[in-house]
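Values quoted throughout were computed directly from the atomic coordinates according to the rules given, and no laboratory measurement underlies them. As the structure is a prediction and not an experimental result, all values here were calculated from the model. Don't worry about glycine lacking a Cβ; one is built from the backbone with ideal geometry, like all the others, and counts go over all protein chains shown.
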Amino acid sequence: MYGIGTAAKFYFKKPASELTLSEGATLAGMIRRPSFYDPLMHPIRTKIRRNDVLNRMIALGEDGDPMGVKRSLGLHTKQQPLELPDGAGEGISQRNQPFFVRYMISQILNNANGSFDSLGKSEKARQRTLFEGGLKIITTLNPKWQNYAQQAADQPYAVYMPNHGSAHPDTSIVSVDTSDGAIRTMLSGKNFHEDKLDLATTQHQPGSSFKPYILAAAFEQGVPPSQSYSSSSPFCSPLWQDEDHCVDNAEGAGTGGKVDLWTATQDSINVVFAQLILDIGPETVPPVANKMGITTELPPVASLATGSVGVSPLDMAVGYATLANGGIHCSPYTVETILRDNKQLYQHEADCERVLKPDIAHLITAMLERVPKYGTAASAFSGWSPWPLAGKTGTANLNTNVWFCGYTRQVATAVWVGSNGTPYSLGSVFGGTVAAPIWRAYMYRVMLGQPALGFPEPPPPPTSAVPDVVGMSSDDAIAALQAAGFNATVVEVDSLRPKGIVVDQLPAGGAQADLGLSVTLDVSNGKAPESVVPKVVGLSAGTARATLEDAGFVVKVTSKKVKDKKDDGIVLEQSPGGGDPAPKGTTVTITVGVKGG
């Protein structure tokens, strides 16, 4: 059949006439779906398909068909591995970047949006065009960057994980051009040539590196970045769908007090994002994340706030590139141009679309700039300069996956570190301690020689006048503040005002403040405030009265005859005594000397 000779050389390094029974059955099984049954990309399913072909050949042999084989030979061959030789598939690839080439081939053969129709209308036709030779394919891959990624990943893990023990995780690094979606680096494991593992487009739990998508959904709903929540851990709610209905802080640690979304992002405070996603509704997040570049079908669950659903490094690089590009999403691509005999068969056309308002993208970028400066990745980026960067760490449940996803104006890169099989805990590691240093080691070399471009300024925070709620009940005051776009923090204070009445507020009523700010309310507990009675014995009656009244006490005056003129009009006694504690409003009796006749 046409193309078998090329495929034999590509996969088995020999002419079709020298193929073994196993090799011939493998190629025959690929005809139905060449990319789906590619032995380089999918060896397990390809072996199953090969054995299906061998079963058919055994059946034909039992019927006496010359195309069949003896049962014993067929059964023996089914037990054999695929037996791909060293260097299989290197006819159009280089050894140090095989996964990119495999991914590029799959994109061409699958032809999801029809852009490669010029190579053939069917998958079989495109397979033939691709492998019969004579094509010049200009890709997006930057070989130098790919080598930088390989070297950063090849560092002994002791460099990044001094206490890594027996953990031997793998790494994926994907970079895309923020302006058009071109894939510049695609590292799928430290040794894809040997392991043949797709770690770049398969899904891993992103942990807190998914938080920017929660922010995007919240800001689309009109939530201001100054919105504040309690950072006390754990946060428990019947709406939280874990077994115990609780979520804890992982990378970051809250103080228990209220913090705004700037601080919660910087310090990666899970409990704040848990409250945020319940406020906006989990169903608002998947559409926003998908349009930004996440191709996973995301369930509308609250645990999205902690990155519980798997996503790929490629998707994360693309999603962060959307933020770097001011809210414009560009579909990732691998091929710029395809030529044959200097005739252009294919030319990539940018597929970009605005999916976020620029103000939202710039705001999230400004928030993510604080993570490597002051937050969970600060230790990894000490001394980083001169390129402005934004990013987010991520640590999945039980420390099975760690991430750092970030971007400069020019390049967005996702770094994933985890197990290449059944997930296992990496120990006491986080995205900021493992993935972020790898990101830095790689991206520093990528950015050398490139200009230091700043990010656009975020929009000014929306402000409004704070309602005057002094004198209201605490419930009415909170409702009035929330209606005006503010939060409230209630502090009980001693006061003679009725219990539950607001006696003071900060900021004061009428002041301009950022929407979402938490206004502190001093609410009466109905108890008179304790104070210390001033000592007034020895003072004149007038001075004593003024001193006591200024301190919040009621004054009662009695008199006592005295013989000595110097005691006339002077306080001789007081009750309660000076220095005694007493609630404000208490009556203090003073005895004043009066000279007798």
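As I understand it, the value is the acute angle between the Cα axis of helix 21-30 and the longest principal axis of the Cα atoms of the chain; what does it come to in degrees, rounded to 10?
Approximately 60 degrees, to the nearest 10.
In which sequence would Cys330, Cys405, Cys352 go, from the one with the fewest C-beta neighbours within 10 Å to the one with the most? Walk me through the numbers before you get to the answer.
Working: Cys330 21, Cys405 31, Cys352 15.
Starting with the residue having the fewest Cβ neighbours, the order is Cys352, Cys330, Cys405.
Relative to the first principal axis of the alpha-carbon coordinates of the chain, what is the inclination of helix 211-220, with its axis defined by its Cα atoms, in degrees from 0 to 90 and to the nearest 10?
With rounding to tens, the tilt is 70 degrees.
Under 5 Å between amide hydrogens, which residues at least 5 positions from Glu336 or on another chain qualify, with H placed 1.01 Å from N in the peptide plane?
Ile138, Thr139, Thr140
At a temperature of 37 °C and a viscosity of 0.692 mPa s, determine how fast the chain diffuses translationally according to Stokes-Einstein, using the Kirkwood radius over alpha-carbon pairs as Rh; express D in µm²/s, rounded to the nearest whole number. The partial results should precede the final answer.
Working: Rh = 29.0 Å.
D, rounded to a whole number, is 113 µm²/s.
What residue among Leu314, Val594, Ala16 has its Cα farthest toward the positive end of the dipole of the chain, where the charges are +1 on Lys, Arg and -1 on Asp, Glu, each on the Cβ?
In the chain, that residue is Ala16.
Return the subset of Lys499/Lys527; Lys136/Lys196; Lys535/Lys563; Lys291/Lys373; Lys136/Lys343; Lys13/Lys124 for which the Cα-Cα distance in this structure is over 19 Å, preserving the input order. All intermediate terms of the calculation are to be shown ahead of the outcome.
On the way: Lys499/Lys527 8 Å; Lys136/Lys196 25 Å; Lys535/Lys563 24 Å; Lys291/Lys373 29 Å; Lys136/Lys343 10 Å; Lys13/Lys124 21 Å.
From Lys499/Lys527; Lys136/Lys196; Lys535/Lys563; Lys291/Lys373; Lys136/Lys343; Lys13/Lys124, over 19 Å: Lys136/Lys196; Lys535/Lys563; Lys291/Lys373; Lys13/Lys124.
Return the whole-Å distance between the Cα centroid of region 521-568 and the Cα centroid of region 430-444.
68 Å
Note the full-extension length gain between Ala546 and Ser179 as 0.36 nm times their separation in residues minus their Cα-Cα distance, in nm to one decimal. Write down the numbers at each step before the final one.
Numbers: separation 367, 0.36 × 367 = 132.12 nm, distance 7.38 nm.
Net length gain for the segment: 124.7 nm.
Taking 7 Å along the Cα-to-C-beta vector as the label spot, tell me the Asp63-Thr295 distance in nanometres, rounded to one decimal.
About 4.0 nm separates the two model spin labels.
Among the listed pairs Lys14/Lys78; Lys190/Lys211; Lys556/Lys584, which are separated by more than 24 Å between their Cα atoms? Mind dumping the intermediate values first?
Values: Lys14/Lys78 21 Å; Lys190/Lys211 27 Å; Lys556/Lys584 15 Å.
In this structure, Lys190/Lys211 lie more than 24 Å apart at Cα.
Within region 174-211, name every residue whose backbone N is under 14 Å away from a label modeled 7 Å from Cα of Leu398 along the Cβ vector.
205
Can you work out the FRET efficiency for the pair Glu349 and Arg33, with r the C-beta to C-beta distance and R0 = 30 Å, to the nearest 0.05?
Working: r = 27 Å, r/R0 = 0.90.
Between Glu349 and Arg33 the formula returns 0.65.
What is the chain's relative contact order, in percent, from Cα pairs under 8 angstrom and six or more apart in sequence?
11 percent
Quote the relative contact order of region 148-447 in percent (integer), defining contacts as alpha-carbon pairs under 8 Å separated by 6+ residues.
Details: 680 pairs, mean separation 72.9, N = 300.
Relative contact order, region 148-447: 24 percent.
With a ≥ b ≥ c taken as the square roots of the eigenvalues of the C-alpha gyration tensor of region 530-595, please select rounded if a/c is under 1.5 and otherwise prolate if a/b is larger than b/c or oblate if it is not? Kindly include the intermediate steps, with their values, before the conclusion.
Numbers: a/c = 2.43, a/b = 2.33, b/c = 1.04.
It comes out prolate by the Cα gyration axes.
Assuming R0 = 35 Å, what is the FRET efficiency of Val554 and Ala508, from their Cβ-Cβ distance, to the nearest 0.05? Could the numbers behind the result be given before it?
On the way: r = 29 Å, r/R0 = 0.83.
Taking R0 as 35 Å, the efficiency between Val554 and Ala508 is 0.75.
Quick one: if you stick a label point 7 Å off each Cα along the C-beta vector at Ala465 and Leu278, how many nm between them?
With each label point 7 Å from Cα toward Cβ, the separation is 3.5 nm.
Rg and Dmax of region 148-447 over Cα atoms: what are they, in angstrom?
Over region 148-447's Cα set, Rg and Dmax evaluate to 18.5, 69 Å.
Work out how much length Thr589 to Lys563 would gain on full extension: take 0.36 nm times their residue separation and subtract the Cα-Cα distance, in nm to one decimal. Intermediate results must be reported in sequence, preceding the final value.
On the way: separation 26, 0.36 × 26 = 9.36 nm, distance 2.17 nm.
Gain on stretching Thr589 to Lys563: 7.2 nm.
What FRET efficiency do you get for Lys136 and Asn55 if R0 is 41 Å and r is their Cβ-Cβ distance, rounded to the nearest 0.05? Display every interim value, and only then the final one.
On the way: r = 41 Å, r/R0 = 1.00.
Efficiency computed from Cβ-Cβ geometry: 0.50.
Pairing the Cα long axis of helix 358-374 with the longest principal axis of the chain, what angle in degrees results, from 0 to 90 and rounded to the nearest 10?
Around 80 degrees separate the two axes.
Multiplying the sequence separation of Leu339 and His245 by 0.36 nm and subtracting their Cα-Cα distance, what value in nm do you get? List each step's numbers first, then the result.
On the way: separation 94, 0.36 × 94 = 33.84 nm, distance 5.76 nm.
So the chain would gain 28.1 nm between Leu339 and His245.
Test of understanding: given the chain, find the longest segment containing no trypsin sites (Lys or Arg not before Pro) that are in a DSSP loop and have at most 16 other Cβ atoms within 10 Å.
On the way: sites that count: Lys13, Arg32, Lys70, Arg95, Lys121, Lys499, Lys527, Lys535, Lys563, Lys584.
In short, 122-498.
Any cysteines in the chain with zero other Cys Cβ atoms under 4.7 Å from their Cβ? List them, or say none.
By the Cβ distance rule, which asks for a partner under 4.7 Å, the isolated cysteines are Cys405.
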